[in-house]
């Protein structure tokens, strides 16, 4: 049984936080939430927030942090998040972290824990350039470290697996650079808040997942 239920998963691309978030959501009843999912749902449903976001997206601009945090807050206020949630991919910047706190406060919630996934740079590059994704359920696999049981077929839903065009070496290096510049400062921010724990994301999910369960108990 978990004692920490309102979570942020932090770590560089390729550190395994998305995979562990899926496992934790499956086993604990916590809701796994990514900003991409929120954007698609709000825009697709035509909500007021979605209409505002669509204006920026359609014009090729970035959605402002205050609007993103408002959308996140609206998502976390839904009944399915009552048992708890795993925010994956938000916040990405110190400004977003500063906006998240009052957004949570407005709906009577607060973060219990931020889990920081650590892994060496070379390993991250290898993982990012060998990733394959299910076209149906979006489960992540890796040709080197966590391949599917049957080549090209998802273990969970038998969907076809594919490689994203942006999973190239150049893209991987750029994504890691952006993380270091924009998101890595959150480690110190949440350490100062007293809610940061770090886990070894370089191991297989069979090893990392029990580590995460332990720190959340």
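Here is a yes/no grid of residues against (1) closer than 30 Å to residue 78 by Cα; (2) at pLDDT 95 or above:
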site	(1), (2)
109	yes, yes
131	no, no
137	yes, no
143	no, no
147	no, no
169	no, no
175	no, no
187	yes, yes
207	no, yes
Inset, instruction - From 55, 36, grab the single residue that is under 28 Å from residue 148 (Cβ atoms), out of contact with any helix residue (DSSP H, G or I) (no Cβ under 9 Å at 6 or more places or on another chain) and free of Cβ contacts under 8 Å to residues at least 60 places away in the same chain. - result: 36
Inset, instruction - Output the number of residues of region 91-103 satisfying the condition of being within 18 Å of residue 37 (Cβ to Cβ) and surrounded by fewer than 20 Cβ atoms within 10 Å (Cβ to Cβ). - result: 1
Inset, instruction - Determine if region 114-123 includes at least one residue that is touching a helix residue (DSSP H, G or I) at 6+ places or on another chain (Cβ under 8 Å), surrounded by fewer than 17 Cβ atoms within 10 Å (Cβ to Cβ) and closer than 30 Å to residue 194 by Cα. - result: yes
Inset, instruction - Considering each residue of region 77-103, count those that are within 24 Å of residue 12 (Cβ to Cβ) and part of a helix (DSSP H, G or I), and give that number. - result: 8
Inset, instruction - Would you mind stating whether residue 147 is surrounded by fewer than 16 Cβ atoms within 10 Å (Cβ to Cβ) and farther than 18 Å from residue 9 by Cβ? - result: yes
Legend entry - Filter result for residue 19 (touching a strand residue (DSSP E or B) at 6+ places or on another chain (Cβ under 8 Å) and surrounded by fewer than 22 Cβ atoms within 10 Å (Cβ to Cβ)): yes
Inset, instruction - Those residues that are under 18 Å from residue 216 (Cβ atoms) and over 18 Å from the mean Cα position of the chain (by Cα), I need them from region 167-202; list them, please. - result: 191, 193, 194
Legend entry - Residues of region 186-210 satisfying the condition of being surrounded by fewer than 18 Cβ atoms within 10 Å (Cβ to Cβ) and within 17 Å of residue 1 (Cα to Cα): 210
Inset, instruction - Might you let me know whether region 99-116 holds any residue that is touching a residue at least 40 places away in the same chain (Cβ under 8 Å) and over 21 Å from residue 4 (Cα atoms)? - result: no
Inset, instruction - Hey, can you tell me all the residues within region 172-183 that are closer than 15 Å to residue 119 by Cα and either free of Cβ contacts under 8 Å to residues at least 60 places away in the same chain or surrounded by fewer than 14 Cβ atoms within 10 Å (Cβ to Cβ) (or both)? - result: 173, 177, 180
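Yes or no, residue by residue, for (1) within 20 Å of residue 201 (Cβ to Cβ); (2) part of a strand (DSSP E or B); (3) modelled with pLDDT of 95 or more:
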residue: 7; (1), (2), (3): yes, yes, yes
residue: 14; (1), (2), (3): yes, no, no
residue: 19; (1), (2), (3): yes, no, no
residue: 38; (1), (2), (3): no, no, no
residue: 54; (1), (2), (3): no, no, no
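The values are calculated or read from the model by the stated rules, or taken from the named source; none is laboratory data. In this text, all values refer to a predicted model and were calculated from it rather than measured experimentally. Note that each Cβ is placed from the backbone with ideal geometry, even for glycine, and that neighbours are counted across all protein chains shown.
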